[in-house]
1. I need the full set of residues from segment 290-301 which are under 22 Å from ASN153 (Cβ atoms) and open to solvent by less than 30 Å² (accessible area, probe 1.4 Å), in order please.
2. Conditions first: (1) closer than 23 Å to THR194 by Cβ; (2) modelled with pLDDT of 95 or more; (3) of a type in the set (A, V, I, L, M, F, W, C); (4) touching a Leu at 6+ places or on another chain (Cβ under 8 Å). LEU270 passes all but one, so which condition is the exception?
3. Select from segment 41-55 the residues that are open to solvent by 10 Å² or more (accessible area, probe 1.4 Å) and touching a helix residue (DSSP H, G or I) at 6+ places or on another chain (Cβ under 8 Å) and list them in ascending order.
4. Which of the residues that make up segment 93-112 are over 20 Å from ILE343 (Cα atoms) and within 20 Å of the chain's Cα centre (by Cα)?
5. Quick check on this structure: which one of THR286, THR194, THR247 is β-branched (Val, Ile, Thr) and without any contact (Cβ under 8 Å) to a residue 12 or more places away in the chain?
6. Which of the residues that make up segment 185-228 are closer than 21 Å to HIS352 by Cα and either at pLDDT below 95 or β-branched (Val, Ile, Thr) (or both)?
7. Taking the condition of being part of a loop (DSSP other than H, G, I, E, B) and out of contact with any strand residue (DSSP E or B) (no Cβ under 7 Å at 6 or more places or on another chain), how many residues in segment 88-110 meet it?
8. Among VAL17, VAL31, which is exposed (fewer than 13 other Cβ atoms within 10 Å of the Cβ), assigned to a loop (DSSP other than H, G, I, E, B) and touching a residue at least 24 places away in the same chain (Cβ under 8 Å)?
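The values are calculated or read from the model by the stated rules, or taken from the named source; none is laboratory data. In this text, all values refer to a predicted model and were calculated from it rather than measured experimentally. Methodologically, a virtual Cβ is constructed for each residue, glycine included, from the backbone with ideal geometry; neighbour enumeration extends over all protein chains shown. With ligands, DNA and RNA removed, areas are computed over all heavy atoms of the protein, side chains included. Shrake-Rupley method; radii C 1.70, N 1.55, O 1.52, S 1.80 Å.
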Amino acid sequence: MRTYTKNNPLLMIPGPVEGHYEVLESMNKRVFSHTEPKFVKAFQGALQNLKPIFRASDNYHSVVIAGGGTLAMEIAMLNLIDKDISQKALICQSGYFGKRYATLAQSLGLEYDVLESTVGEKIRTDLLQEKLESTSYDFVFIQHVDTSTGVANDVKSFGKVCSDQGVISVVDGVCALGGQEMYQEKWGIDIYLTGAQKALAIPPGLAILMYSPKAREISENRSQKIPSYYSDLENWWPILDAYSQGTVKYFSTPATNLIYGLFKATDQILMEGMENVFSRHRRLSTKFRNAMQDFGFGFITAEDSRAATMSALTYHPDIGGAKFRSAMMEEGVQVAGGIQAGIAETYFRVGHMGNVGEREINYTLKAVENSIERY
Ligand code: PMP
């Protein structure tokens, strides 16, 4: 068992998170070639394992491409855009990462409106419904959990409202998939995306998406080529189809070692069982937050909007800001500062996702107690 110190801290930030030693070992034996049969099997297994994790059936399409969560966001948006037809998106914003989708739309030249929630609160479904009834949108983008505010949006209602209105729904689940309850197919979500480094608990470097059959069809039937080479799914579908069938095709070298990690990590998640994964995250987040409240911490997230994967807490009255975070580092636990414009200095963020168990929560709570006692 690792000893946590200032220079080797327990990562309790909302990503990247701690990796399981078996996952890290599976990646680090040697460099794997992208054509060797063992790797082809691992890639095939990873693409297959993702489907039950996204709660999607076999006719959905897994996408795994080297890059960050932002690449996954860009791929999702870019491959919906068709410059030959007039299109409009609605971008839901419940924090910093919602704003990123607006920035992306600006740089990709997609017309959009914004539906913004009050800071710390989730997007209201009734307001979303009103927007979709009053204006004709082609796509709606939302964060499942916005990592800046710790808000978990009601993605179940979101999916229903969008599919009832015939609008394509895109969910950024970078801080959610593998921790926050989610059933992509049942909830009618067309594209759900994530990165490697959050609740899947793999080192950073993979953009991961799940496409519904309808979303894939749209990506394959644009009237104009999109102005990107690497992010154009037309270049990737033949590769992903080949690996899904246990054969090799080349477009750009896959991140072989990370994909080994993905295979192992997704195996572990499926072994635990999705319902168990969801209930562990729910139970530990409640335990953590109750204990933090008892210590005297507050929350920037409304009670009905708090995520299972992370918490956004206001500082203790006795010890604030960088002082608290460096006291935590002295105790061997890294937590993250706030990033939401206007209130960043008033709060900090703790990730409790991926492999986090009782031990990590207890260790963190002890570090919090010691940090308060220092002052
Ligand atoms: N969306 C959300 C909700 C995130 O938390 C993050 C990363 N913190 C991203 C997108 C971007 O991911 P990356 O940093 O891997 O590009």
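1. Once the filter is applied, which keeps residues that are under 22 Å from ASN153 (Cβ atoms) and open to solvent by less than 30 Å² (accessible area, probe 1.4 Å), segment 290-301 yields GLY298, ILE300, THR301.
2. The number of the failed condition is (4).
3. GLN44, GLY45, GLN48, ASN49, PRO52, ARG55
4. TYR101, ALA102, THR103, LEU104, ALA105
5. Among THR286, THR194, THR247, only THR286 is β-branched (Val, Ile, Thr) and without any contact (Cβ under 8 Å) to a residue 12 or more places away in the chain.
6. Passing the criteria: THR194, ILE202, ILE208.
7. 1
8. VAL31
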